[in-house]
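Laboratory data are not the source of any read-out in this text; all were calculated from the coordinates shown. Nothing here was measured: the structure is a model prediction, and the numbers come from that model. Note that we place each Cβ from the backbone using ideal geometry, even for glycine, and neighbour counts take in every protein chain shown.
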Amino acid sequence: MDLRPGDRRSGCRGIMEPIGIWVQPDGEWRILHRCTRCGVIRSNRIAGDDSEAQLLRLAARPLAQLPFPVESLSDGGGAR
């Protein structure tokens, strides 16, 4: 997530919008981008000039917008 948005492009030359963070098995973070014109999704490595605050906001987005009600979760002895 660069401080200047829209500098990553897809083949159609549309603006790439950051939509998520992908953490690889080796621990490397990658940013997922979706083209606002054609919808193609690409990933880019985190760069030194990426905004750390924006990266953390993007990584926390799924926790802030859960697709299910947290109140209905039970431990049930599953994941620990």
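Of note:
- From most to least packed by mean Cβ count within 10 Å, the peptides 36-42, 17-23, 66-72 give 17-23, 36-42, 66-72.
- For Glu17, nonlocal amide neighbours, meaning residues 5 or more places apart or on other chains whose placed amide H falls under 5 Å from its own, are Arg34, Cys35, Thr36.
- Computed from phi, the 3J(HN,Hα) profile of the stretch 30-36 under the Karplus parametrisation 6.51, -1.76, 1.60 (θ = phi - 60°) reads 10, 9, 8, 10, 10, 6, 6 Hz, with x in place of Gly and Pro.
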